[in-house]
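What follows is a single structure, written as structure tokens, with notes after it.
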Amino acid sequence: MTQGEAKRAAVIKRKTNEVDINGSFNIDGSGITKIQTGFEPLNHLLTLFCFHGLFDLQLEAKGDLPHHIIEDIGIALGKTFKQALGEKEGINRYGCFTVAMDKVAVEAVIDISGRPSLHGRIAYDPSDKIQNMLANESFDNTDFTFKHAEEFLESFLQHSGISLVYVIKSGEGDPHHILEALFKAMGKALDMATQIDPRRKGVPSTKGIID
């Protein structure tokens, strides 16, 4: 961003019969967060995402069922991200980053395409050890699971218009480290994708538009 340009930021507000979510999101931040979702693992993962993506996030969420709260946080944050990004003029659009943590390595590949999707795979898991771990173990013996994280990601991506492909390259650890690596990598990749390239005039698509 150049001096005098407005920050790419927006207010988070979503209230239904099931949830009440409020806050703010700033793409051009410095990684400052104040997050209270009611789920400590999700608080932690969103903090990592913002810290490494240099996004500012204030978020408070209340609701009835865990499924509703987690899904609706993704909806609210996705809509706010899309609003904050604006017309997408000059952005890089693409980002890719791999994060290693102990024996874990996860790659996140981002495309701000307007065609939202989530695809994840495990690079090498011949005995299905990692797959079984993610299906059956929780985040630090809490009620938060890998499935909950994917529910959040599905909602966030659908409402922000982002495509995310992630690859678990090495998963010798636990769901905690795998999710931490994923959210860190996603933050770094999304930071790359949202940066402005001064050489780019207009929207980074031959169509001339990104929905």
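The values are calculated or read from the model by the stated rules, or taken from the named source; none is laboratory data. Quick caveat, the model's predicted, so the values are computed rather than measured. Don't worry about glycine lacking a Cβ; one is built from the backbone with ideal geometry, like all the others, and counts go over all protein chains shown.
If you check ALA100 against the conditions, is it touching a residue at least 40 places away in the same chain (Cβ under 8 Å) and under 17 Å from ALA10 (Cβ atoms)? No.
Just give me the residues in the stretch 189-201 being within 12 Å of ARG93 (Cα to Cα) and either modelled with pLDDT under 95 or among the charged types (D, E, K, R) (or both), in sequence order.
Result: ASP191, ASP197, ARG200.
Listed by position, the strands (runs of 3 or more DSSP E) enclosed by the stretch 79-153 that each have at least 1 residues that are within 27 Å of HIS68 (Cβ to Cβ) and of a type in the set (Ser, Thr, Tyr) are 117-122. Checking ILE35, ILE21, ILE70 one by one, the residue that is over 30 Å from ARG199 (Cβ atoms) and touching a residue at least 60 places away in the same chain (Cβ under 8 Å) is ILE70 and no other.
Taking the conditions (1) buried (at least 21 other Cβ atoms within 10 Å of the Cβ); (2) part of a helix (DSSP H, G or I); (3) free of Cβ contacts under 8 Å to residues at least 40 places away in the same chain in turn, LEU57 satisfies each one other than (2). The single residue among SER113, SER138, SER117 that is closer than 30 Å to PRO204 by Cβ, surrounded by 16 or more Cβ atoms within 10 Å (Cβ to Cβ), under 21 Å from the mean Cα position of the chain (by Cα) and of a type in the set (S, T, N, Q) turns out to be SER113. Determine whether LYS13 is touching a residue at least 40 places away in the same chain (Cβ under 8 Å) and surrounded by fewer than 20 Cβ atoms within 10 Å (Cβ to Cβ). For LYS13, the condition - touching a residue at least 40 places away in the same chain (Cβ under 8 Å) and surrounded by fewer than 20 Cβ atoms within 10 Å (Cβ to Cβ) - is met. Which ones in the stretch 126-152 are out of contact with any strand residue (DSSP E or B) (no Cβ under 7 Å at 6 or more places or on another chain) and either basic (Lys, Arg) or farther than 18 Å from THR37 by Cβ (or both)? The answer is PRO126, SER127, ASP128, LYS129, ASN132, MET133, LEU134, ALA135, ASN136, GLU137, ASN141, LYS147.
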